[in-house]
Structure formats: structure tokens, C-alpha cells
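Take a look at the structure set out below.
Only the coordinates and a few stated rules stand behind these numbers; no lab work does. Only a predicted model underlies this, so the values are computations on that prediction, with no experimental measurement involved. A quick note on method: Cβ atoms are made from the backbone with ideal geometry, for glycine too, and the neighbour counts reach across all protein chains shown.
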Amino acid sequence: MPNAITTYVRYVDALNKKVGKFAMYLVFMMMAILLFASISRTIFNVPHLWAVEMSQFTMAAYYMLGGGFSLYIGAHVRMDVLYGRWTPKQRATVDTFTVLCLIFYLVVLLAGGISSTAYSLEYGQRNYSAWGPPVAPIKIIMVIGIVLMLLQSIATFFKNIAAARGVKIS
């Protein structure tokens, strides 16, 4: 494979590895928020309007930012009816075509995400709840997560092409 592709794959893998390792800690942040809300409500009888929604936003950031890392480590779900019996080259060939479908889906998702984010920034969109936080920050995080997963999907496409040829990139 050309050096540019190898460099691209290496950098995207490293980026998603760092972002994914950061995103793993968001689960603990979500747990801390919910623990705080639970303790303040039951022991001190002080409920907080923002706690549940903030934990939902944290969880959304967790799974959106972790998507590229999950693809990097191969943790996405596969249907293993026939796949397990195939040779590594056959798997890579099939994966090349399926990752193209994923790339198409992510491009469409990215277009919708950018449009939705632009709308929420332009009109100051807020969530319909008692707390009513602005939704633009979480939408921006979602777009970043989609971009990271798209970049990783393209890197995976290159890895699959290399594997189908019997070459290893990373």
C-alpha cells in the first residue's frame, strides 16, 4: 500500500485510540452524576433537575466518541453464520464491501448531523424539559463522533483491501 494510505491509517488509529480511551472515562462521570443525584435526593432531600439529563448527555457522548475506537478494536457486532468458516482473505473481501455500506450510512448521518447542529446553533435550540439545556453542545459532540467513525471506517476499508491482498497495514 502507498505510504500516504499507511500514514493515514496509522494516524486515524492513533486518534481514535486516544479519543476512545478518554471516552471510556465518561461512564465514570455519568455514574458520579447519578450517584450525586441519588445521594442529594435521598439523604439531603435536594433533587436536581439537571442530573438525569446531564447523565444522558454524558452517555450519548460516551457512545458517540467511542464508536471509532470500537471499530478500531473490532468490537462491533457481526453475524457469524458463515463468517467464521471463511478464510481471512474471504472475510477481508466481504468486509471491504460492508464497510462501503457503513461509509455511505455515515456520510448521510453526518450530513443530517451537520444540518441539525447548524439549526440548533442558529436558533438556540433547547431541550424540552424543566431544566431546558441547550442541545448544541451534545449535537457538536455527536458530529465529532460521526466524523471519527467515518475516518476510522475509511481506515478499515484500506486495512480490508490490504488484508484481501495478503498484506498487513498497521
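Candidates Ala61, Val94, Leu15 compared by Cα position along the dipole of the stretch 1-104: farthest toward the positive end lies Val94, with charges placed on Cβ. On full extension, the segment bounded by Trp86 and Arg126 gains 9.4 nm, given 0.36 nm per residue less the C-alpha separation.
Protection proxy ranking of 18-28, 84-94, 122-132, 141-151, by the mean of other Cβ atoms within 10 Å over each peptide's residues and highest first, is 141-151, 18-28, 84-94, 122-132. Taking the stretch 146-169 and a reference point 7 angstrom along Cα→Cβ of Met79, no backbone N atom is nearer than 20 Å. The lysine pair tally for the chain, using Cα distances under 20 Å and a gap of 8 or more places or different chains, is 6.
The computed volume of the Cα convex hull per residue in Å³ for the structure shown corresponds, within [x] 118; [y] 107; [z] 132, to [z]. The label-point distance for Ala32 and Tyr105, in a model that sets each label 7 Å from Cα toward Cβ, rounds to 3.3 nm.
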